[in-house]
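Taking it in order: structure first as structure tokens, then the write-up.
The values are calculated or read from the model by the stated rules, or taken from the named source; none is laboratory data. Just so it is clear, the model here is predicted, and its values are computed rather than measured. Note that we place each Cβ from the backbone using ideal geometry, even for glycine, and neighbour counts take in every protein chain shown. What goes into the accessible areas is simple: the full protein's heavy atoms, side chains included, and nothing from ligands, DNA or RNA. Shrake-Rupley method; radii C 1.70, N 1.55, O 1.52, S 1.80 Å.
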Amino acid sequence: MIETLSVRDLQGEFKADEPMARHTSWRVGGPADRFYRPADIDDLSHFLASLSEEEPVHWIGLGSNLLIRDGGVRGTVIATHRFLTDMARLGETNVRVEAGVACAKLARQCVRWGLGSAEFFAGIPGTVGGALAMNAGAFGGETWRHVIAVEVIDHHGERHWRLPGEYEIGYRSVVGPGAEWFLVAELRFAPDEAASTKAIRDLLARRKATQPIGEPSCGSVFRNPPGDYAARLIEAAGLKGYRIGGAVVSDKHANFIINAGDATAADIEQLIQHIRNTVAAQHGVQLQPEVRILGEAA
Ligand SMILES: Cc1cc2nc3c(=O)[nH]c(=O)nc-3n(C[C@H](O)[C@H](O)[C@H](O)COP(=O)(O)OP(=O)(O)OC[C@H]3O[C@@H](n4cnc5c(N)ncnc54)[C@H](O)[C@@H]3O)c2cc1C
């Protein structure tokens, strides 16, 4: 709970019982008890410092890798998109980018600056903060390969800088030293006069040809197991088009679950479990979800 501030003292946008379906790419999810979009970093620091020690705090970027259950989220959700939005070039190769910047915007700006190897960010429909939390990657590129340093904030609103060596970085996995969240990243890219928006357009076209872009999903639901592809295993198990309630395994890409219009989070979670059971029974492989699951059942 908020202990030392009244709602009137807040400069950002505070909402109680905010439906999280408005903030996730699957368009499902019950209400967050408290939802806050800070005005700026100082406002965020004050807000965090005003919370009681026991208040659970969750962060959301663009909600493109989150399954929020139908009963919603207890505690406070901090939203970064549309607030941490600055981006600047530092010297020849480095970029300072705030956590709420959309990855696609970072990719396009790097092209304008003549910096290469950032194009892969164009196809990731999340924020830089989400990409740092997930070590998001595509087409051979991966977020943390470019990180020089990150600025983080903790539950007390205290900020400090950290280096990549302080994190365990893996495939779609980042384990940090404590309960803290990303505010800013300093990233390094290679100077590349040939960097072009055509490369981005080609990459997006390749995605559109193979993935159900434009339909509500969270991208790949499962991590690829070592030496194989989750999509191949799911398709071989005959699950393309399999449906539970409003949740359907995509016909275009078997590692995508689509909200066909009226799915609940429970439909999606049951389908995730059904896929795991079926693939384990048929192939002997335990698929691990890439998507983060949060909140309480209805
Ligand atoms: C159509 C589609 C295609 C996709 N393709 C890819 C792909 O090619 N490669 C890929 O890697 N992913 C892909 N994704 C998944 C998703 O876009 C990425 O995981 C992305 O990095 C999530 O960013 P977000 O801002 O949406 O994070 P959210 O979904 O909002 O959050 C994801 C996690 O990050 C945490 N988080 C968010 N912001 C912060 C922060 N500032 N500090 C600390 N933690 C934070 C959240 O608490 C949560 O645990 C795809 C998703 C969709 C819908």
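Points worth noting:
- Tail weight of P(r) past 33 Å, computed on alpha-carbon pairs of the chain, percent: 26
- Placing a label point 7 Å from the Cα of Gln286 along the Cα-to-Cβ line, no residue of segment 58-89 has its backbone N under 15 Å from it.
- Its residues counted as N, segment 235-298 yields a C-alpha radius of gyration over 2.2 N^0.38 Å of 1.09.
- For Tyr167, Tyr229, Tyr242, the ranking by accessible surface with the largest value first comes to Tyr229, Tyr242, Tyr167, using a 1.4 Å probe.
- Calculated FRET value between Leu90 and Glu53, using beta carbons and R₀ = 35 Å, to 0.05: 0.45
- Where both bridge residues fall in the chain, DSSP classifies roughly 80% of the beta bridges as antiparallel.
- For segment 62-107, projected area of the alpha-carbon convex hull averaged over all directions, nm²: 4.3
- Cα centroid of segment 15-46 to Cα centroid of segment 233-298, whole Å: 26
- Residue-span extension gain [Arg206 to Asp40] - 0.36 nm each, minus C-alpha spacing: 56.0 nm
- For segment 4-111, radius of gyration divided by Kirkwood radius, i.e. Rg to Rh on alpha-carbons: 1.03
- Per-selection metrics, segment 145-282 (Cα): Rg and Dmax in Å: 19.3, 51
- Gain in span if fully extended, Glu193 to Ala179, counting 0.36 nm per residue against the direct Cα distance: 1.0 nm
- Placing unit charges on the Cβ atoms of the charged side chains and taking the dipole of the chain about its Cα centre, the candidate lying farthest along the positive direction among Val101, Ala79, Ile60 is Val101.
- Rg ratio for segment 35-169: its Cα radius of gyration over 2.2 N^0.38 Å, N being its residue count, equals 1.09.
- Count of Lys pairs (Cα-Cα under 24 Å; at least 8 positions apart or interchain) in the chain: 6
- Shape metrics for segment 146-219, restricted to C-alpha atoms - Rg then Dmax, Å: 17.2, 46
- Using the Cβ-Cβ distance between Arg145 and Arg27 with R0 = 35 Å, the FRET efficiency computed as 1/(1 + (r/R0)^6) comes to roughly 0.65.
- Per-pair calculated FRET efficiency, R0 = 35 Å: Tyr171 and Lys15 via Cβ, rounded to 0.05: 0.50
- Charges were assigned to the Cβ only: +1 to each Lys and Arg, -1 to each Asp and Glu. The resulting dipole of the chain about its Cα centre is roughly 1320 debye.
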